[in-house]
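Let me begin by presenting the structure, written as structure tokens, before commenting on it.
Derivation of every value follows stated rules applied to the coordinates shown; laboratory data play no part. Just so it is clear, the structure is predicted and the values come from calculations on it, not from any experiment. So basically every Cβ, Gly included, is an ideal-geometry build from the backbone, and we count neighbours across all protein chains shown.
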Amino acid sequence: MIHSKIYLVDHEIAYLGSLNFIYNGAHKNYETRIRIADRKAIKELNSEFDTLFDNENYLEKELSEWGGNCMKSA
């Protein structure tokens, strides 16, 4: 299971860390995040994202399925 967050913005900026873009994540929780603007690092992150996204070992699921699975395990 991959739990890390990688936000890629226009192939120019990346954020890595625990931040969820929800109210608690932005205002109440103590979240970590690193902002990266180095072009070489962004290129490597894009490559890593593509590798993970295209990996046949990670099954594709609809967003509604993820929420349903979370509710079942709670």
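Based on the Cβ-Cβ distance from GLU48 to ASN20, what FRET efficiency comes out when R0 is 22 Å, to the nearest 0.05?
0.65
Spin-label model, GLU31/TYR7: points 7 Å from Cα along the beta carbon direction are separated by 0.6 nm.
Residue-wise HN-Hα couplings along the range 11-23, as the Karplus relation 6.51 cos²θ - 1.76 cosθ + 1.60 with θ = phi - 60° gives them from phi, are 6, 10, 9, 9, 10, 10, x, 9, 4, 9, 7, 9, 4 Hz; Gly and Pro carry x.
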